[in-house]
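Below is one structure, written out as structure tokens; the observations come after it.
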Amino acid sequence: GPKYYGRDQPRVLWRLPDASGSEGRSDRLCSAAEVYKINFVFPNGDKYDGDCTRTSSGIFERNGIGIHTTPNGIVYTGSWKDDKMNGFGRLEHFSGAVYEGHFKDNMFHGLGTYTFPTGAKYTGNFNENRVEGEGQYTDVQGLEWCGNFHFTAAPGLRLKLHM
């Protein structure tokens, strides 16, 4: 049945069996942390529904795949590592803006697509939340501009013509 680890800890809904399928054996190396499926509400009203592991000190950390929702309507669906957004995910903002791509320590980092509330979008490389490198920007009229982006400036944008 469900296990409780103190009042403030999330309730463990179910436990995943380990890969070997031999539960209860103690001769396995304990390098891979056990993954729990949790549904947790933070004191600020944020919710997390997904995978987590327990640190040696007994603290639950988001690790694996999960959905984090804030009361004001920001939703992240994707990969977590060390209690942070890491790997591939989708972040939806209440403004209508959406980022889909790679994250590193809660930042847009790597390849991704950022869609503005206006419908304009940028697809390309991000470096710690900043637009950087080769990319493509589609404006509200649907015209595609490509070039090298650095921070928010885009020197030498070329209009992409579809012949």
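Miscellaneous remarks
- Candidates 77, 113, 70, 118 - the one that is of a type in the set (Ser, Thr, Tyr), at pLDDT 95 or above, out of contact with any helix residue (DSSP H, G or I) (no Cβ under 7 Å at 6 or more places or on another chain) and open to solvent by 40 Å² or more (accessible area, probe 1.4 Å): 77
For every residue, the table says whether it meets (1) surrounded by fewer than 14 Cβ atoms within 10 Å (Cβ to Cβ); (2) in contact with a Ser or Thr (Cβ under 8 Å, 6 or more places away or on another chain); (3) at pLDDT 95 or above.
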{"residue": "4", "(1), (2), (3)": "yes, no, no"}
{"residue": "27", "(1), (2), (3)": "yes, no, no"}
{"residue": "65", "(1), (2), (3)": "no, yes, yes"}
{"residue": "88", "(1), (2), (3)": "no, yes, yes"}
{"residue": "100", "(1), (2), (3)": "no, yes, yes"}
{"residue": "105", "(1), (2), (3)": "yes, no, yes"}
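- Condition check for residue 48: under 30 Å from residue 140 (Cα atoms), among the aromatic types (Phe, Trp, Tyr), at pLDDT 95 or above and touching a Lys or Arg at 6+ places or on another chain (Cβ under 9 Å): no
- Residue ranges of strands (runs of 3 or more DSSP E) in the stretch 35-117 with at least 1 members of a type in the set (Gly, Ala, Ser) and within 27 Å of residue 132 (Cα to Cα): 75-81, 84-92, 98-104, 107-115
The values are calculated or read from the model by the stated rules, or taken from the named source; none is laboratory data. This is a predicted model, so every value here is computed, not measured. Here the Cβ is made from the backbone with ideal geometry for all residues, glycine too, and neighbour counts use every protein chain on show. Accessible surface is based on the protein model in full, side chains and every heavy atom, while ligands, DNA and RNA are left aside. Shrake-Rupley method; radii C 1.70, N 1.55, O 1.52, S 1.80 Å.
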